[in-house]
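Here, each number is a calculation from the coordinates, and none is a lab measurement. Computed from a prediction, not measured in an experiment: that's the story for all the values here. Using ideal geometry, Cβ is built from the backbone for each residue, glycine included, and neighbour counts are taken over all protein chains shown.
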Amino acid sequence: MVKCYVKTGHRLEIIKSLEILQESKQQKNVMWIDMLRPTRKEVLAIEDMFDIKFPTKQESEEIEISSRYWEENDRIEINSYFLIANEANPYNETVSFILQNKLLFSIRYKELHTFDKFSKRFLSTPKEFKDGFEIFSQILDIRIDADADAIENLSKEVVKLRRHVFTDYTNDDEEILEKISLFEDFNMKIRENLTDKQRILTSLLKSLAFREQSDDVLIMLKDIKSLIEHTDFNFERLDYLQSIFLGMLSIEQNKTVKLFTIVNVVFLPPTLIASVYGMNFKVMPELGWGYGYLFAVALMLISAFTPLYIFKRKGWM
């Protein structure tokens, strides 16, 4: 699907058909072309219409981190991460942007809330955007706000998990460790996403093409720096939570071992006494004693309760 945002004066129109755009001869008024899962035919038509060359999806994803920003003559090519915050498997989706002659092209293969939100803003206040540079800057700003919301939601989930570990812990060890691992993975994806945008914004700050948006770029860089610090804090909290949980798990295991130890100590003396009087020697003084059985039982009870009394006095149980 292709959407062409055509601005004439203060009036903005969305053209979804390349044939209609070609017939209307309004190519010079196009400010932004947003391509969502474009077909090969659509890509070739736009390349021919605007004399431009687009990278394939595979090429965009395989570009090295250090080469995700490229500028030459009147063309700037940017490949940026956009976080897909699925609960089960969050990941960073690559979106390609090309700025050529103040016209913005975006190529993406996933539905992204950031683009829908900006599209509504663009349609409601088209006069605030005069070229593709301002459009790209605003899209990036909206995405940074979304990343901030993702970090805030993750922080809330970490607090809930911490409260669960300290108050509602019910021996669900594997579930808690799995959640900690998922949160760390999600936080790492956010960190990669922010670092990628930090590198892009730093490059834009050096670009003469973005000199009018330099103040906005600086503000976004400051926001990203604070968000990266927040992700570091989340890593520290998750490490601390994991250490606390493993410590509590160790305490619970020690309690179990302690219980078995006490049981062994309690039953060891009676077992010894029973073993002695279970011997089959012919000469044993107690064999002919009428109270021998009661004496042996009493001796076993005393030997069992004496360790319990000692442990209780010393506060070991």
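Annotations for the structure displayed:
- Of Ser275, Ser137, Ser24, the sequence from fewest to most neighbouring Cβ atoms within 10 angstrom is Ser275, Ser24, Ser137.
- Those trypsin sites (Lys or Arg not before Pro) in the stretch 260-317 that DSSP places in a loop and that have at most 11 other beta carbons within 10 Å: Lys282
- A crude spin-label estimate for the pair Glu192 and Phe267, with each label 7 Å from Cα along the Cβ direction, gives 5.3 nm.
- Take the convex hull of the alpha carbons in the stretch 1-118; its mean projected area over all directions comes to 8.2 nm².
- Exceedance of the 23 Å cut-off in Cα-Cα distance is limited, within the set Lys57/Lys197; Lys7/Lys197; Lys16/Lys53; Lys7/Lys110, to Lys7/Lys197; Lys7/Lys110.
- Largest mean-square fluctuation among Ser96, Ser155, Ser303, in a Gaussian network model of the chain whose springs join Cα atoms under 10 Å apart, belongs to Ser303.
- Angle in degrees between helix 214-276 and the longest Cα principal axis of the chain, rounded to the nearest 10: 20 degrees
- In the chain, Cα pairs under 8 Å separated by at least six residues give a relative contact order of 13 percent.
- Here is how the number arises for the chain: DSSP H runs of 4 or more residues each give -39500 (n - 2.57), the sum is divided by the residue count, and the result at 222 nm is -21500 deg cm²/dmol.
- Taking the chain as a Gaussian network of alpha-carbon nodes connected by springs under 10 Å, the highest mean-square fluctuation of the residues Glu174, Glu111, Glu152 belongs to Glu174.
- Kirkwood Rh, Cα atoms: Rg over Rh of the stretch 258-314: 1.09
- Ordering Lys25, Lys225 from the fewest to the most neighbouring beta carbons within 10 Å gives Lys25, Lys225.
- As a rough footprinting exposure proxy, the listed residues Val297, Val30 were ranked by other beta carbons within 10 Å of their own, and the order from fewest upward is Val297, Val30.
- Distance cut-off 32 Å, percentage of C-alpha pairs in the stretch 2-249 lying past it: 30 percent
- Phi-derived couplings, Karplus 6.51 cos²θ - 1.76 cosθ + 1.60 at θ = phi - 60°, listed residue by residue for the stretch 291-304: 9, x, 4, 4, 5, 5, 5, 4, 5, 5, 5, 4, 5, 7 Hz, with x used for Gly and Pro.
- Those residues of the stretch 82-112 whose amide nitrogen sits under 12 Å from the label point placed on Phe50, 7 Å along Cα→Cβ: 97-108
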